[in-house]
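This report refers to the structure that appears directly beneath it.
The values are calculated or read from the model by the stated rules, or taken from the named source; none is laboratory data. Here the structure is a predicted model, which is why all the values come from computation and not from measurement. Every residue, glycine among them, receives a Cβ derived from its backbone with ideal geometry; neighbour counts consider all protein chains shown.
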Amino acid sequence: MKRRILKINKLLAERFGIPERQFPRPSPLSILIGTILSQNTNDTNSFKAYSSLRKKFPHWNHVAEARLSEIEKEIKSAGLWKQKAKAIKAVLKFFSEKDPSLNLDYLKDKDSDAILDELTQFKGVGVKTAACVLLFSLDRNVCPVDTHVFRTLNRIGPVDSANPEKTFYEIKDKIPDGIAHQFHTNLIRLGREICKSQKPSCSICPLKKICKFDNKNFEESKSITSKEFMLLDNIFEV
Ligand code: SF4
């Protein structure tokens, strides 16, 4: 599977380029909370909520001490604000007891599986969210699997799995060193711009020669070159 992933990655990079990364990386907590905010909404709305929360409460300790209603007010643009505010409070309560500084440096010494176990114990934090912390903050070579990554990888054919979590574990240890961020980000672009759920635009797809999807659509399609905003590459610290 590693060779196939390398091939897919190469073709995607030729089309979309190699996405830029932030340096220094954001803190684990910032990525975790950014990802909680991004559930069931788009990156623009979740970024608005993240920005508003950080402006109102510059340090995560301030959010930990805030009332739920104060957090809800700042994150409304992300939708499901009651549920997300509760999840954020629960995460902050747990980590402020473990590490009052809330920088979570102790996670850096743990292996990826232990971090996945620790983070997924919270209601509202699934494998995808925990994997985003691994990739975007802790620089681990893992590929979080959202709806786009799940759909595209199962169509292209390095995997054949029933849900995103299974796809994540199928590819987890098969990603060649150093490519997880570009592989993940470019698969999301592929899914958003070309390999859409209802009607993929196979005629303009860089993977059409190697893709194993049975229901390809070769109707003429317009090439889309817009680069959509990616939340987790824009998470900032205050
Ligand atoms: S060839 Fe078609 S189905 Fe396959 S990845 Fe490209 S757009 Fe998706």
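Quick notes on this one:
- Close Cβ contacts (under 8 Å, 6 or more residues apart or on different chains) running from residues in the range 203-214 that are within 17 Å of F16 (Cβ to Cβ) to residues that are within 8 Å of the ligand (Cβ to nearest atom) and of a type in the set (K, R) comprise K208/K216; C211/R155.
- The residue of the range 149-183 that is surrounded by the most Cβ atoms within 10 Å (Cβ to Cβ), among those that are β-branched (V, I, T) and at pLDDT 95 or above, is T152.
- The residues on offer are E70, E74, E118, and the sole one that is among the charged types (D, E, K, R), out of contact with any Asp or Glu (no Cβ under 9 Å at 6 or more places or on another chain), at pLDDT below 95 and outside the structural domain of F168 (by TED's automatic domain parsing) is E118.
- Looking only at residues in the range 184-207 that are within 9 Å of the ligand (Cβ to nearest atom) and surrounded by fewer than 18 Cβ atoms within 10 Å (Cβ to Cβ), the one that is nearest to the chain's Cα centre (by Cα) is K196.
- If the condition is being within 16 Å of L32 (Cβ to Cβ), buried (at least 17 other Cβ atoms within 10 Å of the Cβ) and touching a helix residue (DSSP H, G or I) at 6+ places or on another chain (Cβ under 8 Å), then the range 50-73 contributes Y50, L53, F57, W60, V63, A64, I71.
Conditions (1) farther than 28 Å from L11 by Cα; (2) among the hydrophobic types (A, V, I, L, M, F, W, C); (3) away from the ligand (no atom under 16 Å from the Cβ), marked per residue:
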| position | (1), (2), (3) |
| --- | --- |
| K110 | yes, no, yes |
| E118 | yes, no, yes |
| V127 | no, yes, yes |
| T147 | no, no, no |
| A162 | no, yes, yes |
| I171 | no, yes, no |
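- Answer from T44, T35 - the residue that is under 21 Å from S96 (Cβ atoms), at pLDDT below 95 and assigned to a helix (DSSP H, G or I): T35
- Qualifying residue in the range 212-220 (condition: modelled with pLDDT of 95 or more and more than 14 Å from the ligand (Cβ to nearest atom)): no
- When S30, S69 are checked against the criterion of being free of Cβ contacts under 8 Å to residues at least 40 places away in the same chain and either touching a Lys or Arg at 6+ places or on another chain (Cβ under 9 Å) or farther than 27 Å from P176 by Cα (or both), a single residue qualifies: S69.
- Exclusive hit being surrounded by fewer than 15 Cβ atoms within 10 Å (Cβ to Cβ) and either under 30 Å from E170 (Cβ atoms) or touching a residue at least 12 places away in the same chain (Cβ under 8 Å) (or both), set D99, D109: D109
- Boolean, E14 is of a type in the set (D, E), over 20 Å from K172 (Cα atoms) and outside any helix (DSSP H, G or I): no
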